[in-house]
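Data block below; observations after.
The values are calculated or read from the model by the stated rules, or taken from the named source; none is laboratory data. Note that this is a predicted model, so its numbers are computed, not measured. Here the Cβ positions follow ideal geometry from the backbone for every residue, glycine too, while neighbour counts run over all protein chains shown.
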Amino acid sequence: MSFIDKVKVVAVAGDGGNGKLSFRHEKFIDKGGPDGGDGGNGGDIVLQASRNQNTLAAFRYQRELKADDGKPGGKTRMHGRSAKHMIVQVPVGTVATIEDGEVVADLTEDGQTAIIAKGGHGGFGNAHFVSSRRQAPNFAEKGEPGEQFNLGLELKMIADVSLVGLPNAGKSTLLSKVSNARPEIADYAFTTLSPNLGVADIDGQNSVLIADIPGLIEGAADGKGLGHDFLRHIERTAVVLHLIDAYNEDVVSVYKTVKAELKAYQPDLIKRPEVIAITKVEGLDDEMTDDLIKKLKKAAPKGAAIFAISAQSGQGLKEMLYAISGKVQEVRAHVEAEKPDTSIPVLTLSDTSDAYTVVNDEELYKVTGERIERFARRTDFDSEEGVQRLRDIMRRAGILHEMVRQGIEPGNTIQVGKNAAYQFEY
Ligand SMILES: Nc1nc2c(ncn2[C@@H]2O[C@H](COP(=O)(O)OP(=O)(O)OP(=O)(O)O)[C@@H](O)[C@H]2O)c(=O)[nH]1
Ligand SMILES: [Mg+2]
C-alpha cells in the first residue's frame, strides 16, 4: 500500500430538517390548532486524531465526508430527530485546510477533535410561532443548509527523530533493529519509498518515535530522487539523526551534501538538534572509526554527538539511543515551557453577528449580514406568512428603517444576501 499523506476531500455537513406546517385534525373543525413540530439539526463533520491511524490512505476511497440531515418535524408537535455527528478518524499530525489555504484544524494529540463543518439548524414548525397575537401561524421554517467545504488534508508526522541520509545508508535497517517497525531493507538505493514509523524503547520508561525517511540525494530539495516529498516530515521532528555509511569514500562530503539539501528546503531544518552516526562499522577496527569520527567532528556543529554503530552487530546502538532520547527530552521540555497558543480555529456559524449592510440599486434593496442571511436561508419564500415573519425580523432589527431612509417604496424588491432566490416585495 502506498503512503498517502495529502488528500482532498469534500466535507458536507447535514442540513437541518424542515419545520412542519400542520394543523390538528379535529372533527367538525376545518382547521384545529397549529401543531407542526421542529426539524432536527443536521450532523456536524468532526475530525478526530487517532494513534490507530497511520496514513490518509483511507480517503482515497472516501472522497466525500457527508453527515446525515436532520429529520423534518411532524404533525402533533413531533420534533424531527437531530442527525448524529460524523466523526472521522485521521492520523495524529493531520492538518486540514480550506481552499484559500487557511488552516481549520491542526490535530497534534491523540483524541483531539475539531469541527470542520457545522450541520444546519432545524427549522421551527408552525406550532413554535403561536403567540397571543398569532393564533394560527400558517408558515414553518426551512431547515438551514449544512456547511460545505473543499478540504485539503495533510499528514505531518510528529516523530521525535527523523533518520536522514543518502540511499543505502542503513536507515531502515537501524529502524528495524531498534523499534517494532519492519520496513523493507535491500542493498539498492531507494528501497524505502515512503516514511516508516517505529517506536524505540529506551529503558522501559522512555521511548522515542522514529521516522525513517526515504533516502536524500543531491538536488533533493529541487525534487530529485524521492526525498523532496518527504522533507516536510522532518519539519516537526525534534531531533535529526544523520546516518552515514562508513564505506563512503568521503564521509564528510556526504554529510555536507545532506545538510545542504535540508538547508535548501528549509533553512531552519539545520538548526535542529542533531546526532550523527557512522553506520556498518562492525568490520572496521577502532583506529579507522576514530579517524572517521574525528573528520566528522570538524564539519559538525559544536557539541554534536557522533557515534559509530552497526545495526548488524548491535554495537553502539544503546549509547546512541540514550543520547537521542536525552536530546528529545530536552526539546520536549523546551516546547512544553513555551507552548504556543494551541487553540484550534474552528469554522462555525454559531457566533452570528447582528451587523448588516444595506445597499440599493434602483428598485432593488440588498441587505447583507450574517444573522439576517441566516434567517433568510431558513425562510420558505413560497409562503407569504414565512416572508412576513422575515419582514418582521427585519423591522425589529432596524433594517427596514434603514431601507426607508434610503428611499425604498412599496413595490420595490428586497434581497437578502447574494442569492437572488431570497427576494421578496417590500
Ligand atoms: N554490514 C552491514 N550492512 C548493513 C548494516 N545496516 C544496513 N546494512 C545493509 O545496507 C543496505 C541498505 O540498508 P537499508 O536499511 O535498506 O538502507 P536505507 O538507508 O534504508 O536505504 P534507502 O531506503 O534506499 O534510502 C542493506 O543491504 C543492509 O543489509 C550494518 O550495520 N552492517
Ligand atoms: Mg530504507
- Task: Would you please list the contacts, defined by Cβ atoms under 8 Å and residues six or more apart or on different chains, that run from a residue in region 308-321 that is within 14 Å of Asp203 (Cβ to Cβ) to a residue that is more than 9 Å from ligand 1 (Cβ to nearest atom) and part of a helix (DSSP H, G or I)?
- Result: Leu317/Val178; Leu321/Val178
- Query: Can you name the residue in region 197-231 that is at pLDDT 80 or above and within 10 Å of ligand 1 (Cβ to nearest atom) and is also farthest from Gln266 (Cα to Cα) among such residues?
  - Reply: Asp212
- Task: Report the residue count in region 63-78 for those that are crowded, with 18+ Cβ neighbours inside 10 Å and assigned to a strand (DSSP E or B).
- Result: 1
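Quick one: is Thr108 polar (S, T, N, Q), more than 26 Å from Val9 (Cα to Cα) and surrounded by fewer than 19 Cβ atoms within 10 Å (Cβ to Cβ)? Reasoning before the result, please.
Working: polar (S, T, N, Q): yes; more than 26 Å from Val9 (Cα to Cα): no; surrounded by fewer than 19 Cβ atoms within 10 Å (Cβ to Cβ): yes.
Criteria not met by Thr108.
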- Test: residue in region 288-301 that is within 16 Å of ligand 2 (Cβ to nearest atom), surrounded by 17 or more Cβ atoms within 10 Å (Cβ to Cβ), at pLDDT 95 or above and not in a loop (DSSP other than H, G, I, E, B): no
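Please tell me if Gly111 is assigned to a loop (DSSP other than H, G, I, E, B) and modelled with pLDDT of 95 or more.
Values: assigned to a loop (DSSP other than H, G, I, E, B): yes; modelled with pLDDT of 95 or more: no.
So Gly111 fails the test.
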- Could you list, in sequence order, the residues of region 361-403 that are crowded, with 20+ Cβ neighbours inside 10 Å, without any contact (Cβ under 8 Å) to a residue 60 or more places away in the chain and in contact with a Lys or Arg (Cβ under 8 Å, 6 or more places away or on another chain)? Leu400
- Note on the structure: All conditions in (1) within 22 Å of Val252 (Cα to Cα); (2) over 29 Å from the mean Cα position of the chain (by Cα); (3) β-branched (Val, Ile, Thr) are true of Val178 except (1)
- Query: Across region 172-197, which residue is surrounded by the most Cβ atoms within 10 Å (Cβ to Cβ) among those that are more than 9 Å from ligand 2 (Cβ to nearest atom) and closer than 15 Å to Val240 by Cα?
  - Reply: Leu174
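Can you name every one of the strands (runs of 3 or more DSSP E) wholly within region 128-216 that holds 3 or more residues which are touching a Gly at 6+ places or on another chain (Cβ under 7 Å), touching a residue at least 12 places away in the same chain (Cβ under 8 Å) and more than 23 Å from Leu56 (Cβ to Cβ)?
Numbers: elements: 148-155, 161-164, 196-201, 207-212.
Counting at least 3 such residues, we get no strands (runs of 3 or more DSSP E) at all.
Residues in region 117-131: is at least one more than 11 Å from ligand 1 (Cβ to nearest atom), outside the structural domain of Lys71 (by TED's automatic domain parsing) and surrounded by fewer than 19 Cβ atoms within 10 Å (Cβ to Cβ)?
Within region 117-131, the subset more than 11 Å from ligand 1 (Cβ to nearest atom) is 117-131.
If we keep only those that are outside the structural domain of Lys71 (by TED's automatic domain parsing) as well, we get none.
Among the residues of region 117-131, not one is more than 11 Å from ligand 1 (Cβ to nearest atom), outside the structural domain of Lys71 (by TED's automatic domain parsing) and surrounded by fewer than 19 Cβ atoms within 10 Å (Cβ to Cβ), which makes the answer no.
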- Query: Scanning region 6-42 for residues that are buried (at least 23 other Cβ atoms within 10 Å of the Cβ) and under 18 Å from Val104 (Cα atoms), which turns out farthest from the chain's Cα centre (by Cα)?
  - Reply: Ala13
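Somewhere in region 329-338, is a residue under 30 Å from Glu402 (Cβ atoms), among the acidic types (Asp, Glu) and either surrounded by 11 or more Cβ atoms within 10 Å (Cβ to Cβ) or at pLDDT 85 or above (or both)?
Within region 329-338, none of the residues are under 30 Å from Glu402 (Cβ atoms), among the acidic types (Asp, Glu) and either surrounded by 11 or more Cβ atoms within 10 Å (Cβ to Cβ) or at pLDDT 85 or above (or both).
Considering region 231-263 alone, what residues qualify as being assigned to a helix (DSSP H, G or I), hydrophobic (A, V, I, L, M, F, W, C) and within 27 Å of the chain's Cα centre (by Cα)? Show your work before the answer.
Restricting attention to region 231-263, the residues satisfying the condition of being assigned to a helix (DSSP H, G or I) are 231-234, 251-263.
Narrowing further to those that are hydrophobic (A, V, I, L, M, F, W, C): 231, 234, 251-252, 254, 258, 260, 262.
The answer is Leu231, Ile234, Leu262.
Rundown of residues vs (1) within 16 Å of ligand 1 (Cβ to nearest atom); (2) buried (at least 16 other Cβ atoms within 10 Å of the Cβ); (3) farther than 19 Å from Ala211 by Cβ; (4) basic (Lys, Arg), yes/no style:
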{"position": "His233", "(1), (2), (3), (4)": "yes, yes, no, no"}
{"position": "Leu241", "(1), (2), (3), (4)": "yes, yes, no, no"}
{"position": "Asn248", "(1), (2), (3), (4)": "yes, yes, yes, no"}
{"position": "Val258", "(1), (2), (3), (4)": "yes, yes, no, no"}
{"position": "Leu262", "(1), (2), (3), (4)": "yes, yes, no, no"}
{"position": "Leu269", "(1), (2), (3), (4)": "no, yes, no, no"}
{"position": "Pro273", "(1), (2), (3), (4)": "no, yes, no, no"}
{"position": "Ala277", "(1), (2), (3), (4)": "yes, yes, no, no"}
{"position": "Val281", "(1), (2), (3), (4)": "yes, yes, yes, no"}
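Could you tell me whether any residue of region 268-281 is among the hydrophobic types (A, V, I, L, M, F, W, C) and modelled with pLDDT under 95?
Within region 268-281, the subset among the hydrophobic types (A, V, I, L, M, F, W, C) is 269-270, 275-278, 281.
Pick out the ones that are also modelled with pLDDT under 95 and you get 269-270.
Yes, region 268-281 has at least one match.
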